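The values are calculated or read from the model by the stated rules, or taken from the named source; none is laboratory data. Bear in mind that the values here come from a model prediction, so they are computed numbers and not experimental data. Cβ atoms come from the backbone with ideal geometry, glycine included; neighbour counts cover every protein chain shown.
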Amino acid sequence: MTATMSLDLPGEDDPRRQELRSWFSENPEPSPTQLRDRGLVVPHWPKPWGLDAEPELQLIIEDEMKRAGAKKPINPIGTGHCGPVLVVHGTEEQKQRYLPPMLTGEEMWCQLFSEADAGSDLANLRTRAVRDGDEYIINGQKIWTSLAEVAKFGILIARTDPNVSKHTGISYFIIDMETPGIEVRPIVNMSGGGLFNEVFFDEVHIPVASLVGEEHNGWAMAKQTLANERVSLSQGGLQWGHGPTARDLVEAVRERGGVKGPLLQRLMDAYIVGEILRYHRLALVSAQLNKKPGPDASLRKALADPHGKVVFNLALDIEGASGMLSDGPSEDWALWNSGFLFSPALTVGGGTSEVLRNIIGERLLGLPHDIDVELGKTWAEAQKRD
């Protein structure tokens with residue numbers, strides 16, 4: 001049965017709130033290990049890793065953590081992309097080894113998916129994994145790999161059977177980023193950061209126990225990972241779930257005396273869109289609960305990323321000419337300045353806007369997978385042929 005919830009959360013007397021407040025009173029500065037053991041890092045995950053929390057409880061936990069000033073361990077790709085797949089498809093040994101330090105942020109993770117010729121068409125990847133006894137030997141290259149420079153582990157998809165269709169010859173691996181033969185090269189972006197990386201694999205040997213699920217059947221898990229990624233990249237913050245929101249910009253403008261004219265209208269429009277996205281996020285909480293994030297995650301990301309670009313551009317326009325300076329006119333300007341410089345990447349990373357629209361068209365609107373216009377064939381003829 002699908003879980004439902006009200007947009008209005010239970011009040012102060014709710015017993016779940018009271019229980020959480022009591023726990024935070026006893027643990028006023030909880031460590032990552034305490035948060036993990038209490039199930040608060042990813043409460044929608046099944047026990048013992050989470051609390052099997054329904055959507056309403058997840059949002060109550062968010063509220064109470066914010067009230068207590070408690071911070072979750074930072075491991076966005078680990079808990080957002082990789083962990084959900086390991087929880088469902090990993091062996092018991094894999095879960096016990098990798099999930100506890102993932103949840104405490106002790107071991108960071110990265111996602112080794114995109115390649116120079118396999119970004120939007122990910123199944124076109126060329127990185128190879130060849131079985132040799134009790135090992136796989138990896139050769140190839142990945143690009144746009146976030147956090148590879150600090151990650152202890154990564155999830156890797158590689159081709160294990162080149163003689164079948166491109167979607168059925170792919171396998172899914174856990175890889176130790178300190179394995180000999182791996183080279184990480186940072187890609188410096190115009191904001192001065194090195195969030196993205198190229199990763200090269202030259203005769204990299206990994207144990208067979210690194211395989212997740214069955215050999216050659218990694219594409220389904222890769223799609224699940226991408227769906228989880230689009231959920232995690234489309235949370236509240238404007239920078240793929242992190243950073244400020246349109247509400248924060250409204251508050252910053254209010255504190256500085258407000259704006260008038262066209263800027264005020266643009267600010268109102270940005271706030272309204274931000275609120276619509278905030279409510280839409282509640283539906284994605286149910287998707288996380290059911291562990292089956294679907295095309296709604298692509299819809300939200302397709303809406304949230306352009307919104308982020310709009311808000312960061314608006315912030316720059318409100319600041320005026322002084323906003324073009326790296327140090328900016330105020331102490332908090334660095335947040336908006338770096339966000340503005342990063343914002344062109346929002347509609348590319350984690351699935352381009354074009355790819356997301358294809359998913360929305362096919363899986364939400366029921367449009368055909370491909371439209372055949374060759375030789376003047378009609379849409380209906382193409383559907384009949386398929």
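The criterion of at least 2 residues that are free of Cβ contacts under 8 Å to residues at least 40 places away in the same chain is met by the following helices (runs of 4 or more DSSP H) wholly inside segment 40-121: 55-68, 92-103.
Of all residues in segment 142-173, exactly one satisfies the criterion of being surrounded by fewer than 16 Cβ atoms within 10 Å (Cβ to Cβ) and over 17 Å from G218 (Cα atoms), namely V150.
Would you point out the residue of segment 227-249, among those that are at pLDDT 70 or above and part of a helix (DSSP H, G or I), that is farthest from the chain's Cα centre (by Cα)? Among those residues, the one meeting the criterion is L249. Taken together, E178, E203, E198, E183 contain a single residue that is outside any strand (DSSP E or B) and of a type in the set (D, E, K, R), which is E178.
Of all residues in segment 85-103, none are among the hydroxyl-bearing types (S, T, Y) and touching a Ser or Thr at 6+ places or on another chain (Cβ under 8 Å).
Does L35 meet the test of being touching a Phe, Trp or Tyr at 6+ places or on another chain (Cβ under 8 Å), in a helix (DSSP H, G or I), modelled with pLDDT of 90 or more and crowded, with 19+ Cβ neighbours inside 10 Å? Considered against the rule, which asks whether it is touching a Phe, Trp or Tyr at 6+ places or on another chain (Cβ under 8 Å), in a helix (DSSP H, G or I), modelled with pLDDT of 90 or more and crowded, with 19+ Cβ neighbours inside 10 Å, L35 comes out as no. Cβ-Cβ distances below 7 Å connect no pair with a first residue in segment 180-202 that is more than 29 Å from I137 (Cβ to Cβ) and at pLDDT 95 or above, a second residue that is part of a strand (DSSP E or B) and of a type in the set (S, T, N, Q), and a separation of six or more residues or different chains.
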